[in-house]
Amino acid sequence: MIPTTYSLEPRAYSRGSIMLLVIIFGGIFFTMLTAFSSFILVENRAQDVARSRTEAFNIAEAGLDYYRWFLSHFPGNITNGTGHAGPFVIDYSDPEGGVTGTYTLSIASSNSCGSVQSIEVTSKGVPSDAPNVSSILSARYAMPSVAAYSYIVGSSVFAGADRIINGPYHSNGGVRMDGTTNAPVSSSLSTWNCTTNFGCNPAQPSAPGVVGNGGNQNLWEYPVPQVDFSGIAANFSTLKSAAVANGIHLQQYSSGNVKGAAYKKGYHLIFNSNGTVTVNRVTSINKLTNVYPIDYSSGYADDYTLIGNETLYDTYPIPSGCGLIFVEDNTWIEGVVPSKVTVVAAGVIDSSFKPDIVLRGNITYGSTDGTDGLAVISAKNILIAPDSPQNMTLNGIFIAQSGAFGRNFYRYAVSGGCNGLYEPRSTLTIVGTTVSNLRTGTAWTNGCGTGVNAGYQSRIDSFDQQNAINPPPFTPVTSTQWQFVDWQQK
């Protein structure tokens, strides 16, 4: 018999193939498992970091809240009650879990003329379980000022169709709004008598607080609480004392009878980009007759805003620590403002003397990054001169404390009427805030004939966000309650 033989090679080959497949697929599975595990770990670490950052943010915010509470009990104290400068490291405790982190507070005040204008608080939050993670928040603590508005008017007002208004607009009276707005337009009245003087034809004896043909009427609000003009009034005696001690003070130059030409003299301030202000004495005025006042307080009257002659008085460097100029006389202003400056015109020795401020030419800032700013406070009116530029730019916060802001009607002041000498004007751009106790006005509907206004044909108003949170010294406030007016994460 021939012995039977068997080949073992095919079976060995089969087992080797299976083993190879197991190794290959095992390697793939292991690679996928490793990648998936790494992904889970990365995601877990990312969630831990996100949680730690959120915790750091909350701790930093708690630091700001703490110092707001502290300042409400100890106004103006920037030492956390220690009597020395910071930074101050303070434990942050969870009522249920003990100390969960720390916040470090750095506090500084912004001073002008020896008075605290605002307090800057920076808070750095660090969780205890993630000492390498932090969040930094900073805030400015101050009393809110009028600079947060584009307009505040103490009486009823008419904004025409040519107006473009960017920023909150408020009146303690009624508002006829035909202009274009992008922010709240508010009135303190539920209803008011909108006459033809306010563009209502026929008159509406019970018009809504805000009425008109303007857009974005969903932003109209009425009634809202009044803005207290007595509350935002400047203390002229205090401001004069501060200017005498640390700023610039100009004594009264005009004299004589209140209705005489000598009583209408004053000072012409020309700001220079090199940090100085040139001061001229206005020695004579060219009186204009048959001029209608912006506040409708009377019929045609005499106007004393046109400079006749002036002489150089002096050139002053604007003090870096006290940008306050107090003038006890009528004041004309123009130029390039080189820092944070406040100009006040008021009578202190004779409180019955309420000088006007006249905006004669363009007023701009040397820098537009918020380091420069102008506040103009008049005891009475703030007027735009008859010989103002055809296209005029005004940067600043303008407060007519007891009078009105605007430009009088000059058609009948010279022969030829609207011949371009004083009427009409082209475009007026205001970047900042207008506060007027009485009705404002910079254009006169059909003042140069049917369809042609006197004054400025086009008017653009925008409030200044940078000066709203960091205004010039002694800018009037709308509330005496200190609060955070600016907040940001670094």
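The residues in the stretch 289-299 that are assigned to a loop (DSSP other than H, G, I, E, B) and surrounded by 15 or more Cβ atoms within 10 Å (Cβ to Cβ) can be counted, and the count is 3. Against the list (1) touching a Gly at 6+ places or on another chain (Cβ under 8 Å); (2) modelled with pLDDT of 95 or more, the condition VAL358 fails is (1).
Number of residues in the stretch 93-108 that are modelled with pLDDT under 90 and part of a strand (DSSP E or B): the value is 5. Candidates in the stretch 389-442 are the residues that are closer than 18 Å to ALA301 by Cβ and of a type in the set (Lys, Arg); of these, the one that is surrounded by the most Cβ atoms within 10 Å (Cβ to Cβ) is ARG407.
Does PRO127 satisfy the criteria of being surrounded by fewer than 17 Cβ atoms within 10 Å (Cβ to Cβ) and not aliphatic (A, V, I, L, M)? Taking the combined requirement at face value, the residue does not satisfy it.
For the stretch 191-212, check the following and say yes or no: at least one residue is under 30 Å from GLN489 (Cβ atoms) and either among the polar types (S, T, N, Q) or modelled with pLDDT of 95 or more (or both). Spell out how you get there, then give the answer.
Taking the stretch 191-212 as the starting set, the residues that turn out to be under 30 Å from GLN489 (Cβ atoms) are none.
No, that holds for no residue.
Cβ-Cβ contacts under 7 Å between residues 6 or more apart (or on different chains), taken from a first residue in the stretch 195-221 that is within 13 Å of SER156 (Cα to Cα) and touching a residue at least 60 places away in the same chain (Cβ under 8 Å) to a second residue that is assigned to a strand (DSSP E or B) and of a type outside the set (Ser, Thr, Tyr), are listed as GLY199/PHE158; GLY199/ARG176. Scanning the stretch 86-116 for residues that are at positive phi and open to solvent by 70 Å² or more (accessible area, probe 1.4 Å) gives a single hit, GLY114. In the stretch 48-78, the qualifying residues are those that are assigned to a helix (DSSP H, G or I) and without any contact (Cβ under 8 Å) to a residue 24 or more places away in the chain, and the one that is most open to solvent (accessible area, probe 1.4 Å) is TRP69. With a requirement of 1 or more residues that are of a type in the set (S, T, N, Q) and either within 19 Å of SER388 (Cβ to Cβ) or at pLDDT 95 or above (or both), the strands (runs of 3 or more DSSP E) lying completely within the stretch 414-490 that satisfy it span 425-436, 454-462.
Scanning the stretch 442-490 for residues that are under 19 Å from HIS170 (Cα atoms), touching a Leu at 6+ places or on another chain (Cβ under 7 Å) and not β-branched (Val, Ile, Thr) yields a count of 1.
For beta carbons closer than 8 Å, sequence separation of 6+ or different chains, a first residue in the stretch 372-388 that is closer than 25 Å to ALA413 by Cβ and at pLDDT 95 or above and a second that is aromatic (Phe, Trp, Tyr) and open to solvent by 10 Å² or more (accessible area, probe 1.4 Å), the qualifying pairs are PRO386/TYR422; ASP387/TYR422. Can you tell me which condition ASN274 does not meet? The list is (1) open to solvent by less than 30 Å² (accessible area, probe 1.4 Å); (2) in a loop (DSSP other than H, G, I, E, B), and all the others hold. The number of the failed condition is (1). Among the residues making up the stretch 184-235, those that are closer than 25 Å to GLN481 by Cβ and polar (S, T, N, Q) are SER186, SER187, SER188, GLN226, SER230, ASN235. Once the stretch 61-92 is narrowed to residues that are in contact with a Gly (Cβ under 9 Å, 6 or more places away or on another chain) and of a type in the set (Ser, Thr, Tyr), the residue that is modelled with the highest pLDDT is THR79.
The values are calculated or read from the model by the stated rules, or taken from the named source; none is laboratory data. Keep in mind the model is a prediction, meaning the values are calculated, not measured. Cβ: placed from backbone, ideal geometry, glycine included. Neighbour counts: every protein chain shown. In case anyone asks, the SASA skips ligands and DNA or RNA and just uses the protein heavy atoms, side chains included. Shrake-Rupley method; radii C 1.70, N 1.55, O 1.52, S 1.80 Å.
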